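What follows is one structure encoded as structure tokens, with my remarks underneath.
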Amino acid sequence: MGCISLQSLHVHSYAIKPIYLVKGPKKCGKSTFTRTLLNALLARYKRVAFLDCDPGQSEFMPGGFVSLHVIAEPVFGPPYTHPTLPFRAHLIAATSPKSSPNTYLDGVKDLIDAWRVDVMHVPVSSALDEDERVVDTIPLVVNTMGWSKGLGADLMQKIEQTVEPGQVFAFQTEDGSRHSDPSELLSPHHNTGAVKTHFLEPAPLSALSTNYTPADHRNLSIMSYFHAAFPVPRKLSNREPYLDPIIAQTWNTALPLCAIPPYEIDVHAAFDQIVLTGAGSEDVIPNELSRVLNGALVGFVRLDHQSSFMTDTASQVDISSVPYVQCQPPPAPAESSCIGLGLIRGVSFPLISGDIDATARATLHILTPIPPALLTNARVLVKGEMELPIWGMLDFREFTNTGDTGGIAGVEKGRVPYLQWGRVSEGAIGAEKRRVRRNLMRRGQV
């Protein structure tokens, strides 16, 4: 992975900004190196901030986020072994920013501003007198995504210009053909001479790394997140700047997600707005909202103040109806933050002649590992493109020795809604997505 000595990072120079950015293509060892870099800095600093700009392979949260964390202890193991509640985060609601690049960049910029204002120079008290680590500066490690072509390269360049790192660790491709000149990996920001750049060789692929796909790791992170038992923070009011990380130390796997008692939420009392985002969301009419939300992953978004977002939507939503406006965009990152994820396990929107009954009580059954005290001001519910894996809602208590299941939560297999067992013929409703090959050419095109 290169011959960079992490010991040299301990010699802090005020001429170099305490911002360390790691970038490179997919499957080059970027995540492993970033964890190693984080642990090396923790030997010098009492706290280290971690900005995760990779919504597809997040380090401390399920996919679909850009997030800022403040870490106090070394990190070992893959991401699903240390789910963490963020210092501040924004929901991209997809594993790639290609459908919302502006929201993605705005989220990264807001998190950089949050680190500079609320984290960078906040003194951290040390309980041990013999602890000689730096307490008046919290450096920043920036983890970037592996999308390094086309729009991904443009986003990477804008992120570097926004972050203005002091040191950059750039992985090259294995064959070197696409980046034969190492300077191609750098943005114009590096031409100023104020940045120290390290070029690293990609790590060789191991047998374990090829057994699981990125989608498998995302699914494991989601399931680890929902079974995690997060400790209740000691300080609940005025959380910023609250620099004690909230990391799950235990997991409750006694019951599957389909059997865990959910929170029963009164929609009118708990939420001011329900927002759908992602491809096709603009076509969802209010009467179809219950079908879209049933079984969905949603983000709990908190507004920083009474913004124009609520002012605009308040005039469009009838106070007696479900607070949903078709085609309503989510709150801007500069005026909001996402606390975490929830799973809607049941929806009850009473209907009269096909329309939502405005006089009845609309309720949602929601599972979330987030301590309830942190959700007090999260009054916007956002659903995007992320989905729970199918096996995540199965009942492992019903599994037989052959790997088959007799049902889910006491319901016979044939009567479970939304699930069809066995392989569905191609072209039928619920069939597997048809794969399209775009790299084939006709004989005359060769």
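Looking at P261, is it open to solvent by 40 Å² or more (accessible area, probe 1.4 Å) and within 20 Å of P371 (Cα to Cα)?
It is true that P261 is open to solvent by 40 Å² or more (accessible area, probe 1.4 Å) and within 20 Å of P371 (Cα to Cα).
I'm trying to understand the selection: among the residues of region 92-126, which are within 26 Å of D216 (Cβ to Cβ) and among the basic types (K, R)?
The one that is within 26 Å of D216 (Cβ to Cβ) and among the basic types (K, R): K98.
Identify all residues within region 42-60 that are open to solvent by less than 10 Å² (accessible area, probe 1.4 Å), in a loop (DSSP other than H, G, I, E, B) and among the hydrophobic types (A, V, I, L, M, F, W, C); write none if there are none.
C53, F60
Can you pull out every residue in region 71-83 that is crowded, with 24+ Cβ neighbours inside 10 Å and closer than 21 Å to W115 by Cα?
I71, P83, listed by residue number.
Yes/no matrix, rows are residues, columns are (1) closer than 29 Å to D118 by Cα; (2) open to solvent by less than 80 Å² (accessible area, probe 1.4 Å); (3) modelled with pLDDT of 90 or more:
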{"position": "L205", "(1), (2), (3)": "no, no, no"}
{"position": "Y212", "(1), (2), (3)": "no, no, no"}
{"position": "D216", "(1), (2), (3)": "no, yes, yes"}
{"position": "L220", "(1), (2), (3)": "no, yes, yes"}
{"position": "A229", "(1), (2), (3)": "yes, yes, yes"}
{"position": "D244", "(1), (2), (3)": "yes, yes, no"}
{"position": "W251", "(1), (2), (3)": "no, no, yes"}
{"position": "L255", "(1), (2), (3)": "no, yes, yes"}
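Failed condition for K17, given (1) surrounded by fewer than 19 Cβ atoms within 10 Å (Cβ to Cβ); (2) among the charged types (D, E, K, R); (3) at pLDDT 90 or above, with all others met?
Here K17 meets the rest and fails (3).
Restricting to region 107-151, count the residues that are more than 17 Å from the chain's Cα centre (by Cα) and either in contact (Cβ under 8 Å) with a residue 40 or more places away in the chain or in a loop (DSSP other than H, G, I, E, B) (or both).
The total comes to 29.
Residues of region 281-293 being surrounded by fewer than 17 Cβ atoms within 10 Å (Cβ to Cβ) and within 19 Å of C258 (Cβ to Cβ), which ones?
R291, the sole residue that qualifies.
Could you tell me whether D131 is open to solvent by 20 Å² or more (accessible area, probe 1.4 Å) and modelled with pLDDT of 90 or more?
No: the conditions fail for D131.
The values are calculated or read from the model by the stated rules, or taken from the named source; none is laboratory data. The model shown is predicted, which means the values in this text are computed figures rather than measured ones. A quick note on method: Cβ atoms are made from the backbone with ideal geometry, for glycine too, and the neighbour counts reach across all protein chains shown. Keep in mind that these areas ignore ligands, DNA and RNA; they rest on the heavy atoms of the full protein, side chains included. Shrake-Rupley method; radii C 1.70, N 1.55, O 1.52, S 1.80 Å.
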